[in-house]
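Enquirer: Starting off with a structure, shown below.
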C-alpha cells in the first residue's frame with residue numbers, strides 16, 4: 001500500500017473515531033468549556049512518525065439577566081432606557097506539545113505551548129436618555145418644565161486577562 005493511501009486512510013479513520021468520541025461525550029450545555037482534542041495518533045502510526053499533541057478548549061457563552069431599571073428623582077424615564085446585557089464566556093484555549101529530535105543523541109525533547117482558556121466578561125451597549133420634560137412642578141400648577149433632552153450611548157465592555165506559557169524540556 002502506498003504511503004499516501006495509508007495516510008489518507010489513517011486521516012479518515014481518525015476523523016471517524018473523533019466523531020464517535022464527540023458523540024459519546026457529555027453535553028456541552030453542562031460545561032463552561034468544551035474540550036476539542038485533535039487526534040493525530042492514527043497518522044503517526046500509519047506514517048511511523050512522532051506527531052504533535054494538539055488540544056483546545058472552546059467556551060460556551062452564558063447570557064446573564066439585564067440590570068433592573070434604576071429610577072432617579074427628577075427624571076421621567078429610568079436611568080438606562082435600554083439596559084446592558086451581561087454575557088459571560090471565555091477566550092478559547094489551546095495546548096501544543098511537539099517532539100523535537102536530539103541533534104547529538106537518540107532521544108527526543110519537546111517544545112510545548114499552553115494558552116489556557118481565559119474568562120471574558122462582556123456587557124452589550126446600552127442607551128440612557130431622558131425626555132425634554134421635567135417632573136411635575138408644583139409651582140406651575142403641576143405642569144412639567146421644559147429642559148434639554150438627554151441621550152447617551154453606553155459603550156460595550158470587555159474584560160479579560162489572557163496568558164500563555166511556552167517551554168522546552170526533556171522527554172517525548
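Enquirer: Note down the nm distance, to one decimal, between modelled labels 7 Å out along Cα→Cβ at residue 129 and at residue 49.
Expert: Placing both labels 7 Å beyond Cα along the Cβ direction yields 6.0 nm.
Enquirer: May I have the pair-distance distribution P(r) for segment 56-144, computed from all Cα-Cα distances with 10 Å bins from 0 and rounded to whole percent?
Expert: The distribution over segment 56-144 is 14, 21, 17, 14, 12, 9, 6, 4, 2, 1, given as percents.
Enquirer: May I pose another question? Once fully extended, how much extra length lies between residue 166 and residue 114, figured as 0.36 nm per residue of separation less the alpha-carbon to alpha-carbon distance?
Expert: Details: separation 52, 0.36 × 52 = 18.72 nm, distance 0.64 nm.
Here the segment from residue 166 to residue 114 would lengthen by 18.1 nm.
Enquirer: Please state the relative contact order of segment 49-159 as a whole percent: Cα pairs under 8 Å, 6+ residues apart? Write out the running numbers ahead of the final one.
Expert: Details: 242 pairs, mean separation 28.5, N = 111.
Relative CO of segment 49-159 lands at 26 percent.
Enquirer: Now a separate question. Highest mean first, what order results for 120-127, 72-79 on Cβ atoms within 10 Å? Could you put the intermediate results ahead of the total?
Expert: Values: 120-127: 16.0, 72-79: 12.1.
Per-residue mean Cβ counts within 10 Å order the peptides as 120-127, 72-79.
Computed from the coordinates by the stated procedures, all read-outs in this text should not be read as laboratory data. Since the model is a prediction, treat every value here as computed from it, not as a measurement. Cβ coordinates were reconstructed from backbone atoms using ideal geometry, including for glycine residues, and neighbour counts include every protein chain displayed.
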